[in-house]
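K.L.:
Structure below; questions to follow.
The values are calculated or read from the model by the stated rules, or taken from the named source; none is laboratory data. Not measured: the values here are computed from a predicted model. Here the Cβ positions follow ideal geometry from the backbone for every residue, glycine too, while neighbour counts run over all protein chains shown. Heads up: the accessible areas ignore ligands, DNA and RNA and are worked out on the full protein's heavy atoms, side chains in. Shrake-Rupley method; radii C 1.70, N 1.55, O 1.52, S 1.80 Å.
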Amino acid sequence: MIRTSVVVALGLTPAALMGQAVGSLAPDVRQYISVPETSVALTNVRVVDGTGGPPIEGATIVIQNGKIVSVGPAAQAKVPTGARTLDLTGHTVIPGLVGMHNHTFYTTRGRSVQLQFSAPRLYLGSGLTTVRTTGGTSPYHEINMKRGIDNGQIPGPRMHLTGPYLTGAGGAATMAQISSPEEARRIVNYWADEGVTWFKAYTDISRETLGAAIREAHKRGLKFTGHLCSVSFREAVRLGIDNLEHGLFTNSDYVPNRTPDHCSSDMRDSLLKVAIDGPEIQQTIREMVNAKVAMSSTLAVYELSYPDRPPLEDRVLEALATEAREEYLSTRKETSARAAQSTMPELFRRAQAFERAFVKAGGLLGAGVDPTGMGGALPGYGDQRNYELLLEAGFSPVEAIQIMTLNGARILGVDARLGSVSAGKLADLVVIRGNPVVNSAEIRNVTIVFKDGVGYDSPKLLASVKGLVGIR
Ligand SMILES: [Zn+2]
């Protein structure tokens with residue numbers, strides 16, 4: 001990001017020095033823009049600023065040249081002459097969402113597709129202005145997507161790239177299957193040179209390989225996360241990991257008689273047995289908090305395995321391609337048919353309690369959709385569902401919004417520039433019709449998404465991908 005403050009002070013605002021000026025955007029991006037002006041005032045709006053503070057009613061937000069100039073009571077706002085004013089009575093503004101587990105590929109049982117067209121549009125249209133990919137199955141697709149977005153060729157969120165999944169022998173076909181520390185270092189350096197800023201380990205990696213990969217990434221100033229199993233949370237914390245994905249669902253600390261470096265099929269059972277308020281859970285949380293290891297909540301993807309949940313949304317079914325829709329609905333039916341035996345309701349409740357306990361102990365929790373698994377948690381739409389699931393977990397609305405915005409920015413190390421509705425930060429804002437603090441479902445009523453101060457027409461972005469999820 002190029003600093004504009006000096007230039008603005010001199011009264012010069014050349015397009016090249018702005019975050020992403022409208023003039024530099026390709027026609028395919030410009031067609032989605034509803035607020036192109038560089039000077040904008042949002043008035044009479046409720047603001048949930050992302051810091052966890054109470055909503056501010058009747059506020060005015062002034063945006064200039066891609067940045068938030070001021071936010072606060074109307075009486076104190078200095079609206080520049082000539083600014084475009086949007087009266088947002090009855091609307092709420094929150095920071096642009098920062099998605100911490102936001103793949104650009106999508107799966108159903110049996111299908112895995114790179115959503116090169118629909119993922120960036122769904123994310124931006126749903127209010128995500130920043131995402132971390134958290135494991136790529138087609139890294140060059142993501143490198144080129146990020147370039148296209150940064151160059152103004154593709155509408156989408158700013159992207160923090162994660163390299164290919166790193167795992168051991170026998171992993172999935174798209175993953176780097178690493179059998180030695182030397183190989184781990186070579187692969188980390190290769191992808192670091194290609195521009196990724198995060199790495200993600202997967203379920204069947206050894207402690208030795210993981211440790212070598214983490215150290216090599218840190219040497220390059222890059223960060224490391226994991227969806228683990230063979231290495232437990234506490235072991236990974238000791239190896240220096242920065243972030244752990246999925247919360248309790250992937251925590252193998254409580255497997256009895258664990259074989260080190262081995263992913264045990266007993267993990268789920270151990271999670272159902274461990275005392276959720278007990279000392280073992282607290283020890284994991286304490287070690288994570290002490291080492292400043294963040295955690296990503298991905299409740300929306302796990303909810304797909306919860307019988308008869310989530311509520312079916314028309315917009316999800318409409319976004320899906322016919323075959324993908326049939327695949328999702330048939331898996332959903334099978335899950336419902338096994339409802340009586342399902343342990344998921346209990347496990348889900350425990351995972352929610354774990355996330356609450358982690359935050360209560362001072363842990364840094366972010367959230368992201370993870371648009372994989374059975375195929376019912378779509379990019380963006382599933383992030384919005386996460387909001388309701390975090391409320392169900394017991395977080396207050398302003399806490400849940402903080403988890404989905406400022407906390408993500410903190411994990412990414414970009415919170416000085418974005419993540420809250422604060423003067424001086426980038427104007428990444430979501431305008432929502434209604435009040436999601438009182439009625440959580442209204443988080444879906446996004447009308448405009450500002451990224452770098454440019455206002456995108458959310459319904460138009462979302463309409464552009466109908467029938468395409470599962471294909472492109
Ligand atoms: Zn993932």
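K.L.:
Only one of I94, I63, I56 is at pLDDT 95 or above, open to solvent by less than 10 Å² (accessible area, probe 1.4 Å) and closer than 30 Å to V359 by Cα; which?
P.N.:
Just one listed residue meets the conditions, I94.
K.L.:
Continuing with the same structure: What number of residues in the stretch 166-199 are of a type outside the set (A, V, I, L, M, F, W, C), buried (at least 17 other Cβ atoms within 10 Å of the Cβ) and touching a Leu at 6+ places or on another chain (Cβ under 7 Å)?
P.N.:
Residues flagged as of a type outside the set (A, V, I, L, M, F, W, C), buried (at least 17 other Cβ atoms within 10 Å of the Cβ) and touching a Leu at 6+ places or on another chain (Cβ under 7 Å) within the stretch 166-199 amount to 1.
K.L.:
Can you tell me which of (1) within 16 Å of the ligand (Cβ to nearest atom); (2) assigned to a helix (DSSP H, G or I); (3) not acidic (D, E) is the one Q282 doesn't meet?
P.N.:
Failed condition: (1).
Okay, residues lined up against (1) surrounded by 24 or more Cβ atoms within 10 Å (Cβ to Cβ); (2) of a type in the set (K, R); (3) out of contact with any helix residue (DSSP H, G or I) (no Cβ under 8 Å at 6 or more places or on another chain); (4) within 16 Å of P55 (Cα to Cα):
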site: G408; (1), (2), (3), (4): yes, no, yes, no
site: S422; (1), (2), (3), (4): no, no, yes, yes
site: V430; (1), (2), (3), (4): yes, no, yes, yes
site: V437; (1), (2), (3), (4): no, no, no, yes
site: G453; (1), (2), (3), (4): yes, no, yes, no
site: S464; (1), (2), (3), (4): no, no, no, no
site: V469; (1), (2), (3), (4): yes, no, no, no
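K.L.:
Moving on to the next point. How many of the residues in the stretch 200-222 are within 16 Å of the ligand (Cβ to nearest atom) and either open to solvent by 20 Å² or more (accessible area, probe 1.4 Å) or modelled with pLDDT under 95 (or both)?
P.N.:
Number satisfying all stated conditions: 3.
K.L.:
Continuing with the same structure: Output the residue which, of all residues in the stretch 122-147 that are β-branched (V, I, T) and within 14 Å of the ligand (Cβ to nearest atom), is most open to solvent (accessible area, probe 1.4 Å).
P.N.:
Per the criteria, the residue is T137.
K.L.:
Only residues in the stretch 249-263 that are under 10 Å from E235 (Cα atoms) and of a type outside the set (S, T, Y) count as the first member; pair them with residues that are outside any loop (DSSP other than H, G, I, E, B) and open to solvent by less than 20 Å² (accessible area, probe 1.4 Å), Cβ under 6 angstrom, at least 6 apart or cross-chain, and list the lot.
P.N.:
Final answer for the pair search is D253/F233; D253/T284.
K.L.:
When residues of the stretch 26-53 are filtered for being of a type in the set (A, V, I, L, M, F, W, C), part of a loop (DSSP other than H, G, I, E, B) and under 26 Å from A75 (Cα atoms), how many remain?
P.N.:
Qualifying residue count, the stretch 26-53: 1.
K.L.:
If G156 satisfies all but one of (1) over 20 Å from I33 (Cα atoms); (2) more than 16 Å from the ligand (Cβ to nearest atom); (3) under 20 Å from the mean Cα position of the chain (by Cα), what's the number of the condition it fails?
P.N.:
All conditions are met except number (1).
K.L.:
Would you check if T85 is touching a Pro at 6+ places or on another chain (Cβ under 9 Å), assigned to a strand (DSSP E or B), closer than 22 Å to G434 by Cα and away from the ligand (no atom under 16 Å from the Cβ)?
P.N.:
For T85, the condition - touching a Pro at 6+ places or on another chain (Cβ under 9 Å), assigned to a strand (DSSP E or B), closer than 22 Å to G434 by Cα and away from the ligand (no atom under 16 Å from the Cβ) - is not met.
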